[in-house]
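Presented below is the structure to which this report refers.
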Amino acid sequence: MAINYFYPDYEVVRNEKKCIKCKVCVRQCANEVHTYDEEFDCMTADDASCVDCQRCVSLCPTRALKIVETDNIFKKNANWSQALITDAYRQAGTGGVLLSSMGNPQPYPVYWDKMLINASQVTNPSIDPLREPMETQTFLGKKPRTITFDKEGNITSPTYPNLKLNIPIMFSAMSYGSISKNAHESLARAAEQLGIYYNTGEGGLHQDFYKYGANTIVQVASGRFGVHKKYLEAGAAIEIKMGQGAKPGIGGHLPGTKVGEDVSRTRMIPRGTDAISPAPHHDIYSIEDLRQLIYSLKEATDYKKPVIVKIAAVHNVAAIASGIARSGADIIAIDGYRGGTGAAPTRIRDNVGIPIELALAAVDQRLRDEGIRNDVSVVIGGSVRSSADIVKAIALGADAVYIGSAALLALGCHLCRSCHGAKCNWGIATQRPDLVKRLNPEIGYKRLVNLVHAWDHEVKEMMGGMGINSIESLRGNRLMLRGIGLTEKELEILGISHAGE
Amino acid sequence: MKRVYVNEDWCLGCHLCEYHCSFANSGKSDMVKAFNGNTKTTPRIVIEEGDDINFAVQCRHCDEPLCVKGCIAGALTVTDGVITIDDTRCVGCYTCVLSCPFGCIVTDNEKVIKKCDLCISRTGEPACVKGCPNAAIVFEERG
Amino acid sequence: MLKKEGQIRIPSGCAISGFINRNGKRISGDQIVKSISYMHDRSNGLGGGFAGYGIYPEYKDLYAFHVFYEDSASREETERFLEEHFDIVNLSRIPTKKHKNITNEPLIWRYFLEPLPTKLAASQLEEKEFVAQSVININIKIDGAYVFSSGKNMGVFKAVGFPEDVGEFYRLDEYAGYAWTAHGRYPTNTPGWWGGAHPFALLDYTIVHNGEISSYDANRRFVEMYGYKCTLLTDTEVITYIIDFLNRKHNLSCEDIAKIIAAPFWSKIDTLPAKEKEKALLFRNMFSSLLITGPFSIILGFEGGIMALNDRLKLRSMVAAEKDDMVYIASEECAIRAICPEVDKIWSPKGGEPIIVTLNNGGDSYGN
């Protein structure tokens, strides 16, 4: 039926004068867009298969290629966008749920971009991070409420396990399975070198990566894939994943095609079977159940490791976070609606959850109102795109941030949002050996280290500008922020004044 | 001395090294000119492709090179560990082509043979190393 | 209309001075007035004030409240509140002298108080907490009333004006104390409000501060979790609350407080011996939101002593000197030399290194 024909979203434009027919595009496109026609001695392209991942463009030695958006359009309609119309056709054809990957790309407001950062002038000196110490080291975890000493001055009050971060940035949970082994190795090695942490996601920990345990957060999610005693003991902290910003309220699904020998062993499931994480943890139907899991995990690891509870930013996030803080969690991780995913139902990714900026502001204030902010650390993600976002997040009240998409960008991701296709041309969101090898961890980890160092430098510069020389004095320091173009209500929720006030 | 090494784990078989090699040896200022002109320069590096494994091969600059031993005109010599060809002496007998166990000596449109000289005279860093997108070809000192 | 302290945050630069007699010998208030007057140019006439310790020996066991009233209605309401909660042993207007540079004065009253035992018991609070909460209650709830001094055997005197004029206005030469601190204010934008002048006080803690801290909102939002309410939005107010929180509620010493608010850098902590390191790490971690960054030099006054402290980068000037049993601290050396030309020793304390002076024999002799 002709109605099933979709004009391609992208067109491959080849400059014939520049093309030397080296065929690198042919060899590098896993979607088989490019072909070489022997008969006519020319290059051809099937635009319909192109996902605009930019692999061919990046590798073309003569810059003969570019990908453009098609100008084929349906009759303009401000209500029925072209995407909605084609989605309806697609679903009428298949009867299926639409899938997408990476973060919500819809044009909702980005509150990071509606906040401005302060700087010192005259009354208070700015500090030059090249001349003076500038500290971004931080600790995550519960802080003691009281401190007592014996006669010799030894501390007698209880203390709690904390994570030490040289830089208030961590790599967010991305499972082995959703991303490749080489991607994991890059993250693990970068975390080790940076003195920060990466997160296994719900995919278990590959046997080769136990050596990075001191810089690993091991995740326990609703499918409990790859969870065993040694796994829990291997990490520096344990994260209970209750939700994910890209798909709040639903679980996960790793198709059997991605479950090869290695993934199967790591996840402890038979090869080729679908790995389905249920929507809820079936042993957590209420907050008191969460408390039991938190303490089970603490018990299993001898109270030596902080427990993180990760939730998606949803409408009632402040009350939920407060409940988590009172349930024995040491760290609360909140994932905003722009957070990434390897695969999520499109409608959920694009319509469920709330912006992380508002969620963070609400949670931080709520925990303070209840006097329990020092009992937990707050880590946010989804999505943190630059050092400026980090400064704003910390000023709103975050202890540290999780970066996922940004880390993948460092590894080559071009945000083509086709992870669910499992044919990632950059060797990240794929398990196909020929594609996985495109990500050389030796290059990957260095690029991650560079990115985080660069952001750390920028955070320090901005802190110095504000006259702050330690990250803890920025945390929750909302006076350092001003809103721009925000309503009274938005300012009230963010707890900041408007620019000019 | 620094040599070119290939790590087959990271070789994608994209063949970009071959094109960068040809371009480097073409004497042209632009890659498009080097390939879309009348003459094409044969690369001194060749990708060997298998099902799951690829790797690039070019002159190993052997410690005891058979090509140099066999050269009837004294055109091939070892200078500072690098085997180079003197175009004025090469008589085009191709003994070296036959004797190289790696198949790394190639012929072109001209009579004289062509081989990898590590790009020393041109850029300092071999073009294949520079052009490899996955650091599968490296130029380094190894014990 | 210009907003006053509490409605807007106003940065200000300043002058501070203070001294203490280790043996508790009481010194006339005209000395501190003379000292601060030498730093006239560090103030701009928009605020000056003093704190004296050991000045009310005859009432030394009673809480001395100094209160500003905008009108008699607020006074009546406040007195009703005080009568309900305290035994008012004495009340009077604070004696002042008309001064051409000091205008628009509010009603200024002084009360010597003892908490009513029944009310105190009913509140289930410790006595000091009961008094502190009463002060906070009056300041937040009663419009036009502002308690600006509330400790025992000590008092704060402050006004809009240059500090030397304020000293004359309050007739400080008629008081004598074992320790005095003074403040001259240079706010950048204020209509000048008497309550906004410094020192800021809670119970017997007083702070005079020169600087503008960049960690303000981080500090404020943390202490506000523990029942404090920063109504003035000034640095001095939040620093006072931090000190009250650490000293009174956590029983930490001045040395430890300095290690928290002007914490050593991580690189320094790494080099400390194990036991000290453990403590320093815990302090920085547990009280991370109480680290004060940005320039400050403060003199804290408390029952039986004073502490002076600079920010850890020493972004504000502060010098200290000793002569016999006297210790002097000031923003500039001239303020010390003005009242003690020949010192035994004078030095510039390092950033983050506190100078703590307490009365000999544990402070028992103070006020005698």
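Observations, loosely collected:
A quick yes/no check of all residues on (1) within 23 Å of C:N153 (Cα to Cα); (2) touching a residue at least 40 places away in the same chain (Cβ under 8 Å); (3) aliphatic (A, V, I, L, M):
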| residue | (1), (2), (3) |
| --- | --- |
| C:I261 | no, yes, yes |
| C:M286 | no, no, yes |
| C:S289 | no, yes, no |
| C:L300 | yes, yes, yes |
| C:G305 | yes, yes, no |
| C:A308 | yes, yes, yes |
| C:A335 | no, yes, yes |
| C:G351 | no, yes, no |
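- Considered as a group, the residues in the stretch A:425-448 that are surrounded by fewer than 24 Cβ atoms within 10 Å (Cβ to Cβ), basic (K, R) and assigned to a loop (DSSP other than H, G, I, E, B) include one that is farthest from the other protein chains (Cβ to nearest Cβ), and that residue is A:R432.
- From the options A:L479, A:L409, A:L451, A:L491, residue that is at pLDDT 95 or above, surrounded by fewer than 22 Cβ atoms within 10 Å (Cβ to Cβ), touching a helix residue (DSSP H, G or I) at 6+ places or on another chain (Cβ under 7 Å) and away from every other protein chain (no Cβ under 14 Å): A:L451
- Contacts under 7 angstrom Cβ, first residue in the stretch A:122-144 being touching a residue at least 60 places away in the same chain (Cβ under 8 Å) and facing chain C (nearest Cβ under 8 Å), partner surrounded by fewer than 21 Cβ atoms within 10 Å (Cβ to Cβ) and among the aromatic types (F, W, Y), 6 or more apart: A:P133/C:F265; A:E135/C:F265; A:E135/C:W266; A:Q137/C:W266
- Top-ranked residue in the stretch C:268-305 [being closer than 30 Å to A:V122 by Cβ and among the aliphatic types (A, V, I, L, M); ranked as nearest to the other protein chains (Cβ to nearest Cβ)]: C:L291
- Wholly enclosed helices (runs of 4 or more DSSP H) of the stretch B:1-105 bearing at least 2 residues more than 14 Å from chain A (Cβ to nearest Cβ) and β-branched (V, I, T): B:95-99
- Among the residues making up the stretch A:377-394, those that are of a type in the set (A, V, I, L, M, F, W, C) and within 13 Å of the chain's Cα centre (by Cα) are A:V379, A:I380, A:V384.
- Positions within the stretch B:117-132 being buried (at least 21 other Cβ atoms within 10 Å of the Cβ) and part of a loop (DSSP other than H, G, I, E, B), in sequence order: B:L118, B:C119, B:P126, B:C132
- Restricted to the stretch A:108-121, and to residues there that are out of contact with any Leu (no Cβ under 8 Å at 6 or more places or on another chain) and part of a loop (DSSP other than H, G, I, E, B), the residue that is farthest from the other protein chains (Cβ to nearest Cβ) is A:Y108.
- Residue within the stretch C:140-162 that is surrounded by fewer than 21 Cβ atoms within 10 Å (Cβ to Cβ) and of a type in the set (D, E) present: yes
- Out of C:R248, C:R312, C:R316, one residue alone is assigned to a loop (DSSP other than H, G, I, E, B) and either more than 9 Å from chain A (Cβ to nearest Cβ) or among the acidic types (D, E) (or both). It is C:R316.
- When the stretch A:206-224 is filtered for residues that are in contact with a strand residue (DSSP E or B) (Cβ under 6 Å, 6 or more places away or on another chain) and either free of Cβ contacts under 8 Å to residues at least 12 places away in the same chain or more than 19 Å from A:A329 (Cα to Cα) (or both), the ones remaining, listed by number, are A:H206, A:G223.
- Taking the stretch A:85-107 as the range and being surrounded by 11 or more Cβ atoms within 10 Å (Cβ to Cβ) and assigned to a helix (DSSP H, G or I) as the test, the residues that pass are A:I85, A:T86, A:D87, A:A88, A:Y89, A:R90, A:Q91, A:A92, A:G93.
- Among the candidates C:S134, C:S74, residue that is of a type in the set (S, T, Y), in contact with a helix residue (DSSP H, G or I) (Cβ under 8 Å, 6 or more places away or on another chain) and surrounded by 15 or more Cβ atoms within 10 Å (Cβ to Cβ): C:S134
- Some residue of the stretch C:22-29 being without any contact (Cβ under 8 Å) to a residue 60 or more places away in the chain, surrounded by fewer than 17 Cβ atoms within 10 Å (Cβ to Cβ) and more than 14 Å from chain A (Cβ to nearest Cβ): no
- C:T206 meets the conditions (1) hydroxyl-bearing (S, T, Y); (2) assigned to a helix (DSSP H, G or I); (3) over 27 Å from A:K392 (Cβ atoms) in every case but one. The failed one is (2).
- Verdict on A:A30 being assigned to a loop (DSSP other than H, G, I, E, B), of a type outside the set (D, E) and either modelled with pLDDT under 95 or surrounded by 15 or more Cβ atoms within 10 Å (Cβ to Cβ) (or both): yes
- Lone unmet requirement of (1) surrounded by fewer than 21 Cβ atoms within 10 Å (Cβ to Cβ); (2) at pLDDT below 95; (3) within 12 Å of chain C (Cβ to nearest Cβ) for A:R224: (3)
- Selection status of C:I213, part of a loop (DSSP other than H, G, I, E, B), within 13 Å of chain A (Cβ to nearest Cβ), in contact (Cβ under 8 Å) with a residue 24 or more places away in the chain and surrounded by 24 or more Cβ atoms within 10 Å (Cβ to Cβ): yes
- Count - residues of the stretch A:371-389 that are more than 24 Å from A:H457 (Cβ to Cβ), in a helix (DSSP H, G or I) and more than 10 Å from chain C (Cβ to nearest Cβ): 1
- Single residue of the stretch C:156-192 satisfying the filter (of a type in the set (G, A, S) and farther than 17 Å from C:E105 by Cβ) that is nearest to the other protein chains (Cβ to nearest Cβ): C:G184
- Residue in the stretch A:151-164 that is surrounded by fewer than 23 Cβ atoms within 10 Å (Cβ to Cβ), among the small types (G, A, S), facing chain C (nearest Cβ under 10 Å) and more than 23 Å from C:T293 (Cβ to Cβ) present: yes
The values are calculated or read from the model by the stated rules, or taken from the named source; none is laboratory data. Since this is a predicted model, take the numbers as computed values, not measurements. Cβ coordinates were reconstructed from backbone atoms using ideal geometry, including for glycine residues, and neighbour counts include every protein chain displayed.
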